[in-house]
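The values are calculated or read from the model by the stated rules, or taken from the named source; none is laboratory data. This one's a predicted model, so the numbers in the text were calculated from it and none came from an experiment. Backbone-built Cβ (ideal geometry, glycine too); neighbour counts: all protein chains shown. The protein model used for the area step is the full one, side chains on, heavy atoms only, and it has no ligands, DNA or RNA in it. Shrake-Rupley method; radii C 1.70, N 1.55, O 1.52, S 1.80 Å.
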Amino acid sequence: MAITDNNPQEKSRWLSPENKPIVIASGFIVVILAIGTSYTLATQGTATLLSPTYLLQQLQVGSFLGIVAAGMMLVILLGHIDLSVPWTVAAAAMMATAVGGPAALPVGLSVGLAVGLVNGLGVAYLRIPSMIFTLGVNAVMRGLMVAYTGGFAPQTAATPLMQYLAVGKFLGIPVALFVWAAVSVGIVFILRKTATGRYIFAIGNRESAAYLAGAPTRGVIVIAFGLCGMMSGLAGTLLAGYSTKAYQGMGDAFLLPAIAAVVIGGTHILGGKGRYLGTLVGVILIVLLNSVLSIMQMPEAGRQVIYGAVIILMLLFYDRGVQDRQ
């Protein structure tokens, strides 16, 4: 017997607690596109927001946030948080442009990985709460970079490879989207096909139970934070290529949106549950929201109010849905 769209089991699957945040976020994306399109039609006479070229441009810019959010999701699934993202992004960009040449990209990734491993060791072995430890690491990285640059903007420039990965195109599609896609495939593979992925979910649900079940909890925490740092390093290197140079504070705009994208997508902030598809949808929602507010020439104060209100409203919808099913 064929399954139709009216099949109650199919509807129940899409409205399950696991998928409901994704459905709600997708609905918000449709609303944002509708509002933005109506505004551009009324003021400019064209549906700029629905142009494939414009959408690809926005996704290209969003790819940097998407890469940071991918790494952040691994840490949040553990029930932890990484607040060192801002200056990990900046440090990776500064070191990559300073070294230059073929070593620029590996150096940027290595800086991010090193910071992530330090975070993981501090959380896993020193047992310092991740919020406190990573905030301290962020302050240390900021101090090191300010000391390195003398408080001035670095005079170095991004390499051609960094610029190509950030702003280049292949078959008419921004190369940055291919990088984001490769990162996404890697994260999905880790979470679904490896023991490390299963351990991440187990630790997020209850670390003590995972440890008693034989999971190498400390090693998994170090790996997750290391990957999160490396993703921040990759994003910083690409962002330097997009801007053609590195600058202080370039990572400040990524911390809260990355956390918001992960949580909006349905990943539990206390860990243990989440889908990477939700994180992707969350990133797209935030990117399009910022885009529409920019088109409307919304003042920064109003933009922050609307941005925060949408996030709170979505989380209220999500929390209400969870409570209704408990």
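A few comments on the model shown:
- Relative contact order of segment 68-172, taken over Cα pairs closer than 8 Å and 6 or more residues apart, is 32 percent.
- Relative protection proxy for 114-126, 290-302, from highest mean packing down: 114-126, 290-302 (other beta-carbon atoms within 10 angstrom).
- When the solvent-accessible area of the chain is split by element, carbon and sulfur atoms take up 68 percent of it, the probe being 1.4 Å.
- Remark: the chain carries a charge dipole of roughly 460 debye about the Cα centre, counting +1 on each Lys and Arg Cβ and -1 on each Asp and Glu Cβ.
- Label zone at residue 189, where the point sits 7 Å out along the Cα-to-Cβ direction: segment 216-239 residues whose backbone N lies under 20 Å: 220, 223-235
- With the highest mean first, a sort of the peptides 237-243, 263-269 on other beta-carbon atoms found within 10 angstrom per residue produces 237-243, 263-269.
- Close amide H contacts of residue 251 (hydrogens built in the peptide plane, cut-off under 5 Å, sequence separation of 5 or more or a different chain): 90.
- Helix runs (DSSP H) in the chain reaching 18 Å along axis by Cα, Kyte-Doolittle at least 1.0: 20-43, 52-77, 85-99, 104-124, 130-149, 175-193, 217-243, 276-295
- Accessible area (Å², per residue) of segment 137-270, counting only protein heavy atoms and a probe of 1.4 Å: 48
- Shape category assigned to segment 48-133 from the gyration tensor of Cα positions, a/c cut at 1.5: oblate
- Using all pairs of distinct alpha-carbon atoms, the Kirkwood hydrodynamic radius of segment 119-206 works out to 17.0 angstrom.
- Shape of the chain, Cα gyration tensor, a/c cut at 1.5: oblate
- Segment 40-113-segment 143-204 distance, computed between alpha-carbon centres (Å): 7
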